[in-house]
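The values are calculated or read from the model by the stated rules, or taken from the named source; none is laboratory data. Values in this document were obtained by computation on a predicted structure and should not be read as measured data. Positions of Cβ are generated from backbone atoms using ideal geometry, with glycine treated the same way; all protein chains shown enter the neighbour counts.
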Amino acid sequence: MKDKIIYWLTGSQTLYGDDVLQHVAQHSEEMANYVNRFMPVTVKYLTTCKSSDEIVEAVKKVNADENCVGIIAWCHTFSPAKMWINGLKLLQKPMCHFATQYNEKLPYDTIDMDFMNENQAAHGDREFGYIVARMRMDNKVIVGHYTDEAALKELASWCRVAAGLAFSKTVKVCRFSDNMRDVAVTEGDKIDAHENLGWQVDYYPIGDLVEYINAVTEKEVDALIKEYGKKYKMGTDKISVVREQAKYEIAIEKFCRDKGGYIGIVDHFGTLHGLNQLPGLAIQDLQSKGYGFGAEGDWKIAALGAVMQYMADQKGTGMMEDYTYDLKDGLCLGAHMLEVSPQFAATKPEIQVHPLGIGGKSDPARLVFEGIAAPEAIAVSMIDMGNRMRLIVQKIELVKYPHKMPNLPVGGLMWKYRPNFKDGVAAWIYAGGAHHTVVSAVVTAQEMIDLGNAWGVEVVVIDEKTELNAFKQQLMWADRIWKLKS
Ligand code: MN
C-alpha cells in the first residue's frame, strides 16, 4: 500500500502575515512527515490553502494523481470556508478531517495573542467542519495530537479504508457459473455494484477455462507441486489427484491474467463440465495469494473478499460459510465444502483427498486444518435489498476448536457471536445476513463501517452494544430512509 499517496492539505489564510504562513507550512510538512512513518500509505504535505483558486488547483492535482487515494485536511489557523466550496465540489477522493494541532500542550507561561492567532485549530476546524456538513460530504473526522498513538492508529485505519476504496474501483470478478439455482441471497444487481462499488463482474463459460486447463504443461505442474511442498503437508499418496488441482490453479491464474486482470473468482459445483474435480486446493491456494473467491456463483463475496484481502495485506481473511451450531456452548462452526482459505490455518494445512457427495465428480484434493483463534474478528455480508446494497458487519471472536474433529475433511473456523450467541444470531437473521461471508481477523469493524459509508451503501453493525429491540427499530428506520433516497 505504501505506493498509494494521501496528500495533506492545510487550511489557512493571508490575514496573519507571511511569518505565520511560513510557520504554518513548516509545521505542516513536519507533521505530515512524522505521521507518514506510521501509515500503511505514503502521507505527503501538498500545500497550505489560502484562497479559493489555490484550493481548486490543489484538488485538481489530487484528482489527477493516479496514485493518490485521498486527502487529509486540517486547519492550522482560521481558514474561511467559503473559499473551500469550489475545491470540495470537485474532490473525487475520500477526505479525512484530522482535528489536530502542532503543539500538544498550551504554553501557559508565555501564551499571547500571536500564539493564539498562529495556532487556532479549534477555531478553524469548526469553520471547515461547517462547510463539509453543509455540503453533505461523507468525510471522516479523527481527533488527537498528531503524535498520539491512538490517533495515529485511527488514521492508519482510515488510510487502509481509502486505499481499499480505490482498490475496490479496480476489482474485476471472473465467474465461471451463474448463481446456484433457486438460491436467493447470492443474487444481486451487478450494474448497481459496478456503478457504486466499482466491481466489474463478467461471465465466461467453463469450457473457456477447460481449454486453459488442457494447455497446462507437466513442467508447470511440477513447479507448483514443489511450492505446495513448501507450504503444506502432503497427506495423501493420490498424487495424480493433487496434480489435477495444480493444473486448475495454473489455468485459472493464467486465465485471470490474460483476460484483463481478474482478482475475483466464482465457480459452482454444478457447473464443472470438462473438470473431473471441484476446484478445492486450487481455490484455497489462490486465496492465499490474494484472490477473492465466491462459491455457488456468489460474485458479491468474491469481490468483497478481494477488497478485504487487499486491506488485510493478505492475512487472516477469506470466504467463510456459517455451517453448523454448538447450541450448548454457543458456538458456530464455519467451513465450506472445500474452499476455506489457508490464511485461517492455525495448524500446517495438510493436502488430503476425500469423497465429496455434492456435485457428482471425482474425490477432490483439499487443504485440511484447524482454524485460528482471534479475540477481535469480523464476519461481513453484502446483500441486495432491492433498492440498495446492505453491508452487515458483525463482531465475532474466533476460538480454538474445543474438541478434535478427526473426521472433518475441510479447513474451518469456530466463533462466538457478539453481543452473545442468541442476540448475535437473531440480529444477523433479522438483518438478512447471508450464509456466505468474508471473515477477517485483520480488517476491523470500524474500517468496514467507514468503507461502507464511503461506498454509500447501507451499513448495519452487530457488536457488543447491540440490543435486539433497538436493532429492529434501526432496521425499520433505515428502510424508510432508503426508500426516500432511491
Ligand atoms: Mn456455499
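Odds and ends about this structure:
- Of the residues screened, residue 284 is not one that is at pLDDT 95 or above, under 13 Å from residue 412 (Cα atoms) and more than 16 Å from the ligand (Cβ to nearest atom).
- Filter result for the condition that a residue is surrounded by fewer than 22 Cβ atoms within 10 Å (Cβ to Cβ), of a type outside the set (Phe, Trp, Tyr) and either more than 30 Å from residue 3 (Cα to Cα) or away from the ligand (no atom under 14 Å from the Cβ) (or both), over 298, 363: 363
- Of the helices (runs of 4 or more DSSP H) lying entirely inside the range 96-177, the ones with 2 or more residues being over 20 Å from residue 20 (Cβ atoms) are found at 121-134, 149-168.
- Hey, residue 208 more than 19 Å from residue 312 (Cα to Cα) and modelled with pLDDT under 95 or not: no
- The number of residues in the range 62-89 that are of a type outside the set (A, V, I, L, M, F, W, C) and in contact (Cβ under 8 Å) with a residue 40 or more places away in the chain comes to 9.
- Wholly enclosed strands (runs of 3 or more DSSP E) of the range 367-486 bearing at least 2 residues more than 16 Å from the ligand (Cβ to nearest atom): 374-384, 389-399, 413-417, 458-462
- Selection status of residue 291, more than 16 Å from the ligand (Cβ to nearest atom) and under 25 Å from the mean Cα position of the chain (by Cα): yes
- A single member of 44, 89 is of a type outside the set (A, V, I, L, M, F, W, C), out of contact with any Pro (no Cβ under 9 Å at 6 or more places or on another chain) and not in a helix (DSSP H, G or I), and it is 44.
- Filter result (crowded, with 21+ Cβ neighbours inside 10 Å, of a type outside the set (A, V, I, L, M) and not in a loop (DSSP other than H, G, I, E, B)) within the range 54-86: 68, 70, 74, 75, 84
- Residues satisfying the stated conditions in the range 236-272, i.e. surrounded by fewer than 14 Cβ atoms within 10 Å (Cβ to Cβ), among the small types (Gly, Ala, Ser) and in a loop (DSSP other than H, G, I, E, B): 260, 261
- Residues located in the range 171-219, provided they are of a type in the set (Val, Ile, Thr) and in contact with a strand residue (DSSP E or B) (Cβ under 9 Å, 6 or more places away or on another chain): 171, 173, 185, 186, 201
- The range 332-349, subset farther than 17 Å from residue 440 by Cα and buried (at least 19 other Cβ atoms within 10 Å of the Cβ), residue farthest from the ligand (Cβ to nearest atom): 349
- Only one entry in 481, 462, 429 is closer than 25 Å to residue 156 by Cβ and among the aliphatic types (A, V, I, L, M), namely 462.
- Any hit, the range 288-299, residues being in contact (Cβ under 8 Å) with a residue 12 or more places away in the chain, in a helix (DSSP H, G or I), under 23 Å from residue 202 (Cβ atoms) and among the hydroxyl-bearing types (Ser, Thr, Tyr): no
- Within the range 300-322, the residues that satisfy the criterion of being in contact with a His (Cβ under 8 Å, 6 or more places away or on another chain) and not in a helix (DSSP H, G or I) are 319, 320, 321, 322.
- Single residue of the range 307-331 satisfying the filter (among the hydroxyl-bearing types (Ser, Thr, Tyr) and more than 16 Å from the ligand (Cβ to nearest atom)) that is nearest to the chain's Cα centre (by Cα): 310
- Exactly one residue out of 35, 24, 62 is among the β-branched types (Val, Ile, Thr) and under 20 Å from residue 165 (Cα atoms), and it is 62.
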